[in-house]
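Participant: Sharing a structure below in structure tokens format, with a few things to ask.
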Amino acid sequence: MKTLIFITLFSTLMFASSAQRTVSYVCYECHGASMNESCMGVSKAPNTLSQADLLTALKAYKDGTKSDYGMGSTMTEIVSGYSNDDLEELSKYIPTLK
């Protein structure tokens with residue numbers, strides 16, 4: 001039984017996109033599993049933003065040029081390790097979470 005559970009969990013993670021994994025393990029802490037929560041009640045829920053707006057914001061946070069609502073340093077720290085391709089994948093995936 002333990003083997004079956006492990007195989008199921010492993011295959012789910014293996015076939016999940018990197019954007020899904022990022023949302024599930026990183027973003028959900030502040031924005032919820034469906035990215036439908038505003039962080040600390042001040043930001044917009046990410047899943048309500050367009051792909052273009054998300055990509056612009058994520059790149060600006062990565063570059064350290066955006067600090068809306070005083071969360072710039074936190075977001076910069078979080079997204080700084082992601083490539084621009086990763087950010088583009090996230091920006092396409094997040095609006096699908098409704």
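Participant: (1) open to solvent by 40 Å² or more (accessible area, probe 1.4 Å); (2) in a helix (DSSP H, G or I); (3) touching a residue at least 12 places away in the same chain (Cβ under 8 Å): which one isn't true of LYS98, the others all being true?
Facilitator: In the conditions (1) open to solvent by 40 Å² or more (accessible area, probe 1.4 Å); (2) in a helix (DSSP H, G or I); (3) touching a residue at least 12 places away in the same chain (Cβ under 8 Å), LYS98 misses (2) alone.
Participant: If you don't mind, another one. Name the residues in region 62-79 that are part of a helix (DSSP H, G or I) and either open to solvent by 50 Å² or more (accessible area, probe 1.4 Å) or under 14 Å from VAL26 (Cβ atoms) (or both), would you?
Facilitator: LYS62, ASP63, ASP68, TYR69, GLY70, SER73, THR74, MET75, THR76, GLU77, ILE78, VAL79
Participant: Another question, if that's okay. So which residues in region 80-98 are more than 16 Å from HIS31 (Cα to Cα) and over 11 Å from the mean Cα position of the chain (by Cα), if there are any at all?
Facilitator: Of everything in region 80-98, those that are more than 16 Å from HIS31 (Cα to Cα) and over 11 Å from the mean Cα position of the chain (by Cα) turn out to be SER80, GLY81, SER83, ASN84, ASP85.
The values are calculated or read from the model by the stated rules, or taken from the named source; none is laboratory data. From a predicted model like this one, the values you see are computed outputs, not experimental measurements. All Cβ positions, glycine included, derive from the backbone under ideal geometry; neighbour counts span all protein chains shown. These area figures cover heavy atoms from the full protein model, side chains too; ligands, DNA and RNA do not enter into them. Shrake-Rupley method; radii C 1.70, N 1.55, O 1.52, S 1.80 Å.
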